[in-house]
Structure formats: structure tokens, C-alpha cells
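Data block below; observations after.
The values are calculated or read from the model by the stated rules, or taken from the named source; none is laboratory data. Note that the structure is a prediction, hence the values are computed from the model and not measured. Counting neighbours? That spans all protein chains shown, and the Cβs are built from the backbone with ideal geometry, glycine included. For accessibility, only protein heavy atoms count, side chains too; no ligands or nucleic acids. Shrake-Rupley method; radii C 1.70, N 1.55, O 1.52, S 1.80 Å.
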Amino acid sequence: MPQKNNFSGLNAIMATKAEQLGCLPPEWLELIYQEKWFKLFVPKDLGGLGCSLPEALRIEEKLAFADGSLGWTVTLCSGAGWFVGFIEESLRNSIFSNPKLCLAGSGFVGGKADRVGERYHIEGHWTYASGALHASHFTANCTLFENGNPVHDVKGNPVVKAFILEKAEVTILDGWNYMGMIATGSHAFQVENLWVPLNRCFDINPAKAQLPDLVYQYPFLQFAEATLAVNILGISLHLQELIAVAFWKRDAYREYSEKQRSYFQRVFEKQNDKVKDLKRSFYDSIEASWSELEINRKITPSTLKKISQLSRKLTQVCRETNAKLYPFAGLEAAKSHSEINRVWRDFNTVSQHALLIFPF
């Protein structure tokens with residue numbers, strides 16, 4: 001049975017406070033811990049929700065609708081929590097049972113891990129770790145070496161593996177200075193002269209999963225594309241709702257003509273319908289992929305290709321519709337401290353993610 005979630009307290013006042021703080025406020029963090037949103041993909045026996053991907057995506061969309069920074073931080077940190085399925089048992093049990101677990105990390109390959117005996121020596125610098133300021137642990141991608149020599153795969157390519165690091169082992173660098181998604185606190189971090197045991201290294205590969213749950217068999221690329229796409233969707237639906245409110249509020253004192261009102265209504269409905277139609281197709285494809293995984297323990301290449309295409313197309317349509325509707329909001333949308341301006345800034349920051357730039 002789907003989890004009943006508590007979305008109370010996710011309002012514009014708290015979103016403004018979050019932006020002022022530059023990170024999620026304590027009230028939101030307590031709610032996240034209570035609802036286990038950082039542990040969407042962590043098994044129930046480790047205190048998580050044990051969600052399927054379709055269940056998690058709907059939660060992430062609702063959170064992104066409430067506030068872009070909130071949705072994004074939960075998505076990225078719970079996405080890092082998904083790595084629980086690939087981590088060795090003793091380390092998994094010691095880290096993921098923490099009720100205030102929060103993993104921040106970066107997909108950037110910014111480090112070097114040199115295996116010397118039974119330990120790795122790690123140094124590196126990584127960017128854009130959403131949730132860094134309240135993370136309990138960090139994940140970091142490193143190029144592997146052994147006794148100073150680079151490690152290569154059978155094709156001659158450098159081998160890259162992920163590592164899990166304790167907060168005390170990293171230095172957070174203040175580097176998130178962008179116009180939107182301010183409360184994600186997506187700062188950089190670095191590690192110098194760190195020695196860690198071998199079990200801190202893990203391989204994000206369904207064939208190397210340490211847990212049997214289906215979600216760890218979902219390919220990482222489509223997992224990432226889908227979770228990012230629902231954030232862009234949630235923020236867009238919020239922005240479009242605010243644009244409609246702003247237009248009708250202006251109409252109350254500007255007294256637009258009937259022709260102008262009808263024009264806006266037609267444009268709004270057409271653009272909003274485009275997004276919602278694509279949203280249905282997106283979720284239908286996600287459900288289809290999950291059914292395939294349940295029945296066959298794998299997803300066909302054609303279904304995975306469709307997930308990728310719809311994630312990108314959904315993002316592209318959100319960009320187009322938001323651009324067409326934005327002028328109807330008037331100068332309120334350009335007022336730096338208004339709700340609609342914050343949501344607009346969040347959208348135009350998060351939609352820059354490299355994974356979803358192209359519509360194909």
C-alpha cells in the first residue's frame with residue numbers, strides 16, 4: 001500500500017526562509033526525517049521507505065511543486081541513498097540505520113583513489129553536492145590507481161568507482177552562488193590525504209547489487225533522468241499555477257478586455273495541457289518499465305530508450321511552455337522577493353542540468 005505522506009508545512013513562507021538560510025530549514029529537515037524522504041530507496045529493515053521507482057517519483061514531484069530546492073535536495077540525497085543497494089553489508093548496516101541519514105554527493109569524477117595494501121588513499125575536489133550543509137555522509141567518484149599506477153578495464157579505459165565518505169572527512173567549500181535553487185546548498189567539497197578501508201568503495205552496477213530489491217536493478221542512467229525530470233515537472237506546474245494567479249490578479253485592477261482574457265485562457269490551457277499530456281505518457285512509461293522489471297527482472301532496451309526520450313522531452317516542453325506563459329505574469333514575476341520570481345529562478349537554474357539539455 002502506498003505511503004501516506006505529510007506535506008503540511010511546505011509553504012511559501014518556509015520556502016522564503018529556506019532561500020534566506022541557503023539550506024533547508026530545521027522545520028523541513030525534521031519533517032524529512034519523520035517522513036523518511038532521504039531514505040526513499042533504503043529498505044524498511046534499515047529504517048527506510050523501500051519505495052518502488054514509480055512511488056518515489058510521485059513523492060519527488062509533489063515536493064518539487066512545493067519548493068524547488070526542497071524537491072531537488074530530497075531527490076539528490078535520496079538518490080545517493082539508493083547506493084545502499086551496492087554497499088557491503090557491515091558498512092551498510094552501520095551507516096544507513098541512522099534516522100538522520102543524508103548522503104550528499106557529486107556525479108563529477110573529481111578524485112583519485114590509490115589502493116595501497118588494504119586501504120585507499122583519496123584526494124580530490126567535487127562540485128555541486130546538493131544538501132552538503134546537513135549531510136551525514138558524502139559520495140564521491142574517483143579514478144582508481146593501485147600503488148600509484150592507473151587501473152584500466154578490459155577496453156583500456158580508466159576505471160572509476162564510487163566511495164562513501166564521512167562528513168568529518170571532507171571539507172565543504174562555499175561554491176553555490178547561483179540565482180536559483182539557493183536552498184539546495186549545492187556546495188563543492190574536497191578531500192586531502194584521506195585513508196579509508198576497502199569497503200568504502202562500491203560499484204553502481206545492477207550486476208554488483210548487494211541487496212535483492214528490484215529498485216537496485218533499475219539502470220542508473222534512466223533512474224537519474226526520471227528523478228531529475230519529475231523535479232523540473234513539479235517546479236513547472238507550480239510556476240504555471242502562479243502565472244495564472246498573477247494574470248487574474250492583474251485583471252482585477254487592469255480590467256483586460258474579453259478578447260485579452262480569452263486569449264490568455266486559450267494559451268494557458270493549451271500549454272498546460274501539453275505538459276499534463278506528456279506527464280501522463282512519462283508516468284505510463286515508468287509504470288511499464290517497472291512492470292517489466294517485476295516480471296522479467298530486467299527492462300528491454302526499447303523501454304529504457306523511451307524513458308530517456310520522455311524525460312528529455314518533458315523537460316523541453318516545460319521550457320517551452322514556461323517561456324510562453326511567463327510574460328502574462330507581469331512585473332510581479334520580475335520582483336526579486338516574490339514567490340513567482342523564486343520559482344522562475346529555480347526553474348531556470350535546475351533546467352540547466354546537463355543530463356536533460358537536449359530533447360533527444
* Say we join alpha carbon atoms closer than 10 Å with springs in a Gaussian network model of the chain; which of Leu198, Leu233, Leu24 then has the biggest fluctuation? -> Leu198
* Asked: Residues of the range 61-79 with amide nitrogen under 19 Å from the 7 Å Cα-to-Cβ point of Gln210?
  -> 78-79
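Ignoring ligands, DNA and RNA, what percent of the 1.4 Å accessible area of the chain is carbon and sulfur?
Carbon and sulfur atoms account for 54 percent of the accessible area of the chain.
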* Multiply the residue separation of Asn199 and Gln34 by 0.36 nm, subtract the distance between their alpha-carbon atoms, and state the gained length in nm to one decimal. => 56.5 nm
* Structure fact -> Per the helix-only model, the chain has a calculated mean residue ellipticity at 222 nm (DSSP H runs of ≥4, -39500 (n - 2.57) each, divided over all residues, rounded to the nearest 500) of -16000 deg cm²/dmol
* Between Phe108 and residues 5 or more places away or on another chain, which pairs have amide H atoms under 5 Å apart, with H built 1.01 Å from N, and which residues are they? -> Thr127
* To do: Using Cα positions and a limit of under 15 Å, work out the aspartates and glutamates in reach of Lys259, with same-chain residues fewer than 8 apart set aside.
  => Asp251
* Antiparallel as a % of all DSSP beta bridges within the chain, to the nearest 5? -> 75 percent
* **Residue among Tyr33, Tyr256, Tyr218 with the largest mean-square fluctuation in a Gaussian network model of the chain, springs linking Cα atoms under 10 Å** => Tyr256
* Asked: Based on the Cβ-Cβ distance of Gln265 and Glu123, what FRET efficiency does E = 1/(1 + (r/R0)^6) give at R0 = 51 Å, to the nearest 0.05?
  -> 0.30
* Report, in degrees rounded to the nearest 10, the 0 to 90 angle that the Cα long axis of helix 68-81 makes with the longest principal axis of the chain. => 20 degrees
* When a/c is below 1.5 the answer is rounded, else prolate if a/b is larger than b/c, else oblate, so apply that to the range 272-332 with a ≥ b ≥ c taken from the square roots of the Cα gyration tensor eigenvalues. => prolate
* To do: Would you please give the FRET efficiency between Glu146 and Glu89, computed as 1/(1 + (r/R0)^6) with r the Cβ-Cβ distance and R0 = 30 Å, to the nearest 0.05?
  => 0.75
* Calculated from the structure, mean projected area of the Cα convex hull in nm² equals which of (i) 16.7; (ii) 19.0; (iii) 17.8? -> (ii)
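How would you classify the range 1-93 from its alpha-carbon gyration tensor, with a ≥ b ≥ c the square roots of the eigenvalues: rounded for a/c under 1.5, else prolate if a/b is greater than b/c, otherwise oblate?
Here the range 1-93 falls in the prolate category.
Let a ≥ b ≥ c be the square roots of the eigenvalues of the Cα gyration tensor of the range 163-290; is it rounded (a/c under 1.5), or, if not, prolate (a/b larger than b/c) or oblate?
Numbers: a/c = 5.79, a/b = 1.83, b/c = 3.17.
It is oblate, given that a/c is not under 1.5 and a/b is not larger than b/c.
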* Listed residues Gln222, Gln309, Gln265, most fluctuating in the chain (Gaussian network, C-alpha, under 10 Å) -> Gln265
* By the scheme Lys and Arg +1, Asp and Glu -1, what is the net charge of all other residues having a beta-carbon under 12 Å from that of Lys44? -> 0
* To do: Show which lysines lie in cross-link reach of Lys167 when reach means a straight Cα distance below 16 angstrom and same-chain residues fewer than eight apart are skipped.
  => Lys100
* Asked: Expressed in nm to one decimal, what extension gain is obtained for the pair Glu192 and Ser336 from 0.36 nm per residue of sequence separation less their Cα-Cα distance?
  -> 47.9 nm
* Structure fact -> With x for Gly and Pro, the residue-by-residue ³J(HN,Hα) of the range 229-237, computed from phi through the Karplus equation 6.51 cos²θ - 1.76 cosθ + 1.60 at θ = phi - 60° and given in whole Hz, is 4, 5, 5, 4, 4, x, 5, 5, 5
* Asked: Heavy-atom accessible area per residue, the range 1-111, 1.4 Å probe: how many Å²?
  -> 39 Å²
* Structure fact -> Checked against a 32 Å limit on the C-alpha separation, the offending pairs among Lys17/Lys324; Lys17/Lys161; Lys161/Lys276; Lys17/Lys112; Lys249/Lys306; Lys39/Lys279 are Lys17/Lys161; Lys161/Lys276; Lys17/Lys112; Lys249/Lys306
* Hey, with R₀ at 35 Å, roughly what FRET efficiency would Lys100 and Glu292 work out to, going by the Cβ-Cβ distance, to 0.05? -> 0.50
